[in-house]
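Enquirer: Please read through the structure below; I'll follow up with questions.
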Amino acid sequence: MNPGYVKLDLFCRGLRIDKSCELEKDGTPILRTRGGLGSGLEMILPEDVHVNAPVVEHFCLKSPYALHKENGRYVLRKAGDFVFEVTLPKEPKFYSQKASSGKQMSRIGVMQGTYLAIYPTKVCGFWTMKPRQNCRFCSVGLTLGETEELEKTVEEVVETVQAARKEVGITFVHFNTGFYEGTSLDELEPYIRAVKERTGLLIGVQCPPSKSLEKYDRLKELGVNHVSFCLEIFDPRRFKEVCPGKHQYLGQKAYMDAMEYCVDLFGKGKVSGEIIAGLERTESTIEAIEHFASKGIVSNVCVFRPCVGTDLEKENPPRTDDMVPIFMRVYEVCLENNIPIGIAPNILVSIIMLPDEGKYLTERRYLWKRVRLGILKALFRTYFKLKLLRV
Ligand code: SF4
């Protein structure tokens, strides 16, 4: 019952909230935005492991996990037994602050662990096609205009980033967009430029792959630090079933080409392939992870969450036992292929298992490789602090 295993088990089994809890007073509000994975309760487990535990989906009702408030502290119990004490991050004050335009900042960007996540552009084109061609697990078309602003100006985004930096010390801003017939990166450019110039923070970008690969050179010039690609599913047959728009308008090859181009451009460890575990066979997910690692790409794997209102809301999440070998392998292949992980300062993600958190699931220690990672991390932290001083 280490915090890494419990994080994974919570993703697969969900969490019930005991009536002793006072979440409105003690926790961060549940804000479902973007693809939907942030639909749960933000908690911090021991060893600073952040988790967004599912609480509203159908399977949570049967979860063996329950959160209790006992003597003023929050306690996680499994089938009634004490697991450990947990912390609920307080709602950041900037959530209720308004941008100069009058829009509430929680409707512009949200914290997902210790970083700020922003979907700055219009609704994904797959949601507006007739018939809809959206990815079956996705909730972008359900949340934009509801829990988050349909449109966000560059100024509103910069003001929200500055407020988050001032209050909670974020180091990383993550932008993602939907599909816009090849213009996703162009639409993001003004936001990236302004946030980089005015804050100096680390920036991650997640967009559908561009077939004009030179656009990634432009991203590098703008100072983007990390790029990721939501392939979601490695098995071509399942990819077509679950992601019909991506299959028809992009194809898996476009993802692979863009990822390989970006690894050459940005370097090992700065490019991720996003995969959803639980929507294809475990062996297929592991095949994806090993393939990515052989190219220097990190796998960011999330556990399938059947979010309320999505096309797959009635499905079940995967079993924890089937997920353990996947996340163990994510960690192992990164170390075996000398792909740097966990280097950037203060990026603790709640909605997925971080590659580094696979260490909780494997008995392999990789002592010298971990020492090397520790040195890299210390060097990068110093370099980043010095760079921020210049902004
Ligand atoms: S590409 Fe798929 S996952 Fe991404 S926003 Fe569009 S429908 Fe959602």
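Enquirer: Given a Förster radius of 25 Å and the C-beta distance between Phe59 and Glu146 as r, what FRET efficiency does 1/(1 + (r/R0)^6) yield to the nearest 0.05?
Expert: Given R0 = 25 Å and the Cβ-Cβ separation, E is 0.60.
Enquirer: While we're on this one: Excluding residues fewer than 8 places away in the same chain, name every one of the lysines whose C-alpha is closer than 24 Å to that of Lys369.
Expert: Counting by Cα, and skipping residues close in sequence, Lys369 has these lysines nearby: Lys268, Lys270, Lys295, Lys359, Lys377.
Enquirer: Determine the calculated [θ] at 222 nm for the chain from helices alone, applying -39500 (n - 2.57) to every DSSP H run no shorter than 4 residues and normalising by the residue count; nearest 500 deg cm²/dmol.
Expert: So the calculated ellipticity at 222 nm is -11000 deg cm²/dmol.
Enquirer: Can you sort Thr28, Thr87 so the residue with the fewest Cβ neighbours within 10 Å comes first?
Expert: So the residues, fewest neighbours to most, are Thr87, Thr28.
Enquirer: Moving to a separate point now. What per residue convex hull volume, in Å³, comes out for region 3-86 when only alpha-carbon positions are used? Each step should come with its number before you reach the end.
Expert: On the way: hull volume 8.0 nm³, N = 84.
So the per-residue hull volume is 95 Å³.
Enquirer: Follow-up question, since we're still on this one. So, counting K/R as plus one and D/E as minus one, what does the shell of residues with Cβ under 15 Å around Leu265 add up to? Don't skip to the answer; put the middle values down first.
Expert: Working: positive: Lys215, Arg218, Lys220, Lys268, Lys270, Lys295; negative: Glu214, Asp217, Glu221, Asp257, Glu260, Asp264.
Net charge around Leu265: 0.
Enquirer: Sticking with this structure for a sec: Using the Cα atoms of region 93-389 to build a convex hull, what is its mean projected area in square nanometres?
Expert: It is 14.9 nm².
Enquirer: Need the list of lysines near Lys25 for cross-linking: C-alpha distance under 28 angstrom, and skip anything on the same chain fewer than eight residues off.
Expert: Within the straight-line limit of under 28 Å, Lys25 reaches these lysines: Lys7, Lys62, Lys69, Lys78, Lys90, Lys93, Lys98, Lys103, Lys166.
Enquirer: How long is the gain from Leu389 to Ser96 if the chain were fully straight, where each residue apart is worth 0.36 nm and the alpha carbon distance is subtracted?
Expert: Difference between extended and current length: 102.7 nm.
Enquirer: Continuing with the same structure: What whole number of Å gives the distance from the Cα centroid of region 189-215 to the Cα centroid of region 111-158?
Expert: First find each Cα centre; the distance between them is then 17 Å.
Enquirer: For the chain, what's the relative contact order in percent, using C-alpha pairs closer than 8 Å and at least 6 residues apart?
Expert: Relative contact order of the chain: 16 percent.
We did not get these values from a lab; they are worked out from the coordinates using the rules stated. Fair warning: this is a prediction, and the values are worked out from it, not measured in the lab. Methodologically, a virtual Cβ is constructed for each residue, glycine included, from the backbone with ideal geometry; neighbour enumeration extends over all protein chains shown.
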